[in-house]
1. For the stretch A:76-147, compute Rh as the Kirkwood radius over C-alpha pairs and then the Stokes-Einstein diffusion coefficient at 4 °C and 1.567 mPa s; write the answer in µm²/s, rounded to an integer.
2. Among A:Asp184, B:Asp165, which comes first, second and so on when ranked by fewest other beta-carbon atoms within 10 Å?
3. So how much slack lies between A:Leu271 and A:Ala363, counting 0.36 nm per residue of separation and subtracting their Cα-Cα distance, in nm?
4. Along the stretch A:87-104, what does the Karplus equation 6.51 cos²θ - 1.76 cosθ + 1.60 (θ = phi - 60°) give for ³J(HN,Hα), rounded to whole Hz, x for Gly and Pro?
5. Averaged over its residues, how many other protein chain Cβ atoms are within 10 Å of peptide B:121-132's Cβ atoms?
6. At 4 °C and 1.567 mPa s, what whole-number value in µm²/s does Stokes-Einstein give for the translational diffusion of the stretch A:293-360, with Rh from the Kirkwood sum over Cα pairs?
7. What percentages make up the Cα-Cα pair-distance distribution of the stretch B:1-53 when the bins are 5 Å wide from 0?
8. Residue farthest toward the positive end of the dipole of the stretch A:312-446, with Cβ of Lys/Arg at +1 and Asp/Glu at -1: which of A:Asn434, A:Asn356, A:Val331?
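Taken together, the values in this text are just the output of simple stated rules run on the coordinates, not laboratory data. None of these values were measured; they are calculated from a predicted model. Quick reminder, even Gly has a Cβ in these numbers, built from the backbone with ideal geometry, and neighbours come from all protein chains shown.
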Amino acid sequence: MPVDRDVENRVTALDDLQRRSHRKPDPGDVPIVIAPAQSFASITDQISGFVLTRKVPTLWWVALVIGVVASINLLIAVTILFYKGVGMFGIQIPVAWAFAITNFVWWIGIGHAGTLISAFLLLMHQSWRSSINRLAEAMTIFAVMCAGLFPILHLGRPWVFYWLIPYPNTMTVQPQFRSPLVWDIFAVSTYFTLSLLFWYLGMIPDLATLRDKAKNRFVQRFYAIACWGWRGASHHWRLHDTACLLLAGLATPLVVSVHTVVSFDFTISILPGWHTTIFPPYFVAGAIFSGFAMVLILAIPIRSVYGLQNLLTERHLNNCAKLMLATGLIVAYTYALEPFTAWYGGDRFEMDIVHNRAVGPYAWTYWTVLLCNIAIPQLLWLRSFRIRPKRLFFVSAVILYGMWLERYMIIVSSLNRDFIPSSWAQFAATAVDNAVLYGSIGFFLLCFALFVRFLPMIPMSEVRELLPFSRPGGGSEK
Amino acid sequence: MSAKLYGILAEFEGPTELLHAAEELRAHHYSNIEAYTPYPIHELQEALPRRNPLPAIVFAAGLLGAATAWLMETYIAIWDFPINVGGRPLYSWPSFIVIMFELTVLFAAIAAFAGTLSLASLPRPYHPVFSVDRFKAATRDGFFLCVEARDPLFDPRRTMDALEDLDAVGVWELEE
């Protein structure tokens, strides 16, 4: 589908009009979140067309090929790792956590923005979220899948990973419930299950649309089974809405709690640089910060390749960018607070870690993190960086890199110099470390490409609700 | 096979007309009416009230999740596999809170999903409304209303007339 300049211009014009009018919106006003002059049928045909057509944009093939190649790469790296052992990573003592845990924290943090959009913004009646919702939720699920991989790869004997789960066993051994590592198993698996159920439940009505529009018999059968025979009865909608609202209510505390539990993995240890109470809010803000960067990195190319400017408008980019800026400022605050608490606490080792981070062997990571996560995101104060897709894409990519490096810095620069100088050592990443990191990015890309091709990437039923004539008495479509 | 009627299906122009028809039929004491729309219409759900036990089910499942987690952790930490960490109490309940919270959410989420499908009697691959070819529009831009034959006031002729009087754009008899 060609990029529809005309639609983009109309949306911009409307947005401008609304901004210049300086009028507070009335409670009854329908917010302009999608382009005007669309109908139930046009939206349905546009979105279902991406799935039911044979034509696929070239960029999709590029993403698929990169995804497949990188996933094969991941598979090879994991095979080597499992065959030779965890020493194939560059880890040793004292740096026993490095790439794998950095990747875990990074990926799981990325997922949080999806949940924030799908759950928290639903409870806040932010109707603009509707068109970006499904993409963001899919991102959450694939990010959590990638995240879940790493703690298992990092185990000495990954084939017995299920020992982490309490179950009656012949060894009569059970997990230690006072350990945050056990909490983490429950937090991440609950998060994944809930995200998957929420995503799938929301998708059922759209899968029914695909069933009814498919021409090919096999395709029709596939979506008929996937949608469970949905027929849009008003009682079913009532149950569906209630369930979505309840799941949103359940998912909202998870936005805060999952990364809090992840941060407990660090804070409950006594290592200087980790053992601090600022970590839970610090991690949560960082998670949402990096998550919005990933949402934008995915949404910006999809928007232009599939001609979705009528549904993913400048308003969406602007709102996501503002949320990114706000969470980025929270992250900046915690960066400032870390040296302060170390100094105010007066602990010798804490002060040494602050010093080590700024001028030690990993000083380059510290200063790059400050540049990527604090300095460059300030460009988002400028409106053009919030609504121009290329500029926003650039800032988002910088943030995503900066947030990965931040976790690397927290982990490695705290571990490499512990209490006794004789045990100090540097960490160096190996080929397996790199292959697993890039492989997981490729696997994520592969999952996302398949999602965009086979599932409705924009919730059609929710977008129909955004049309001005969708409410009874709201005027006629014709 | 004798053609037993399931009900009468009518299509309406848009949400306004559909809501009007539903309210009129309710005012005439029809009780077994179901509307089919491409997106949720809250006014319609109010016009066609049904009991919705889902919140109670989800709440109960959440409580069950919390209780399960607490019992599991307490049993394992005190009796099944006690670990003495520097003489700290075995029943260290503050560290049990995280998993209690997680299982509350997990059980409630599974109940919300399974509850929705089972209360909606899904999966149901075939339903009489699917026999009408035009019904494919119900997931795109069609607004339908079905008066079911089990309604005490149902009479094929009179119901059909009533629906046509309400400006239905199409009316179909549905066989069971």
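1. Calculated translational D: 91 µm²/s.
2. Final ranking by Cβ density, sparse to dense: B:Asp165, A:Asp184.
3. 31.2 nm is the gain from fully extending A:Leu271 to A:Ala363.
4. Each residue's phi maps through the Karplus curve to give x, 5, 6, x, 7, 8, 9, x, 8, 8, 10, 9, 4, 4, 6, 4, 4, 4 Hz.
5. Per-residue shielding by partner chains comes out at 3.
6. 87
7. 4, 16, 29, 24, 13, 7, 5, 2
8. The one lying farthest along the dipole's positive direction is A:Val331.
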